[in-house]
């Protein structure tokens, strides 16, 4: 592997970003070779490597003083020592992202010390699939917001038992210039789950464009106050959130009509009629996630594409409802060229007739995910791709990437036809057979 690095570096002399992923050899040697070139490197991402490359990063830091962004994703055998190295070697770091697939309890002291030594930080991301940060408390977040005067984005996607809503409120009051906040916290089952101190702090973020309350207890009052302040929200995530109702979300969306990305995954109260009404206020919507909203049917899907002219991605996965609506509601299909990605994995309501319909009403569809959908094992799966290729792709001489997910439960005949049709139409194809 390493002998080719010099060739690649010569071939791309203007590189500003490098992503090193799943390297079997010595990452230290790789970074040392990269440091011999005169890049204006700004971003480095290390993913799925066995050991943190201490030596290589130290050499790299002496050559590339322009590095402002560092991402560490799933570094095996990671301990506290590398974080002191990071703050010493890259004191001007503006972005730091740490995402681990393993327990991170033993990393907390190093992470906290490092962050306090990086005053230029603009973006911070601390996330993990497992464990929790037992030492990230109200004091840490408050000091972070006080110390980093340029801080714009905070992402903490992990359970922090010592982080309270009052602590979060006090911290963000210190940094009203925040433009993106993604955080999860609990309110200990209190019915009045969001107090006035918290609400007042959030509405002070006048430049807030991204708000993510993943797995958090919120309230209609909070959403209504955000709507009243008319914050410039472009992205809103309420995934797995509780404590609010349809009244709260309709109040916010009716006022904040510039939202482009909306995530309401696992919103238990949401039904088709709610989506019909909400879609009237979402003409700027680009992507939406309604997965695990079990009262939704295809009526919600078609209403969204009718009412949202910019909508290019819809996720409606893991919907186990078998509600059947009046078929008359599906008569006026229309054509919706704006939709590019449609994720419908694990849906009980999806039928062969629905899939056949997609071919004629979504002519620019590039990604169709039907993984694990029962009933979609017959000819219409292949026929849909056939119509898309013959009538829309081939005559326009377009080259698109199709990502079509086919479960092992699908018959071998269908799998063959899908592969044959894509290849025969000269499309650049990626076929995922699970």
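Taken as a whole, the structure places residue 349 among residues that are crowded, with 20+ Cβ neighbours inside 10 Å, over 12 Å from residue 368 (Cα atoms), at pLDDT 70 or above and out of contact with any strand residue (DSSP E or B) (no Cβ under 8 Å at 6 or more places or on another chain).
Residues of the range 185-200 being buried (at least 18 other Cβ atoms within 10 Å of the Cβ) and either more than 19 Å from residue 139 (Cα to Cα) or modelled with pLDDT of 80 or more (or both), which ones?
193, 194, 198, 199
For the range 130-183, filtering for residues that are part of a loop (DSSP other than H, G, I, E, B) and modelled with pLDDT under 90 leaves 10.
Determine, yes or no, whether residue 304 is in contact with a strand residue (DSSP E or B) (Cβ under 7 Å, 6 or more places away or on another chain), modelled with pLDDT of 95 or more and in a helix (DSSP H, G or I). Criteria met by residue 304. Listed here are the helices (runs of 4 or more DSSP H) enclosed by the range 191-276 that have at least 1 residues being without any contact (Cβ under 8 Å) to a residue 24 or more places away in the chain: 196-203. Taken together, 81, 63 contain a single residue that is exposed (fewer than 15 other Cβ atoms within 10 Å of the Cβ), free of Cβ contacts under 8 Å to residues at least 60 places away in the same chain and farther than 22 Å from residue 142 by Cα, which is 81. Only one of the listed residues (311, 285, 342, 299) is outside any loop (DSSP other than H, G, I, E, B), under 21 Å from the mean Cα position of the chain (by Cα) and at pLDDT 85 or above. That residue is 342. It is to be established whether one or more residues within the range 3-12 are modelled with pLDDT under 90, in a loop (DSSP other than H, G, I, E, B) and surrounded by 13 or more Cβ atoms within 10 Å (Cβ to Cβ). No, there is no match, as no residue in the range 3-12 is modelled with pLDDT under 90, in a loop (DSSP other than H, G, I, E, B) and surrounded by 13 or more Cβ atoms within 10 Å (Cβ to Cβ).
The values are calculated or read from the model by the stated rules, or taken from the named source; none is laboratory data. From a predicted model like this one, the values you see are computed outputs, not experimental measurements. Cβ sites come from the backbone with ideal geometry, for glycine too, and all protein chains shown count toward neighbours.
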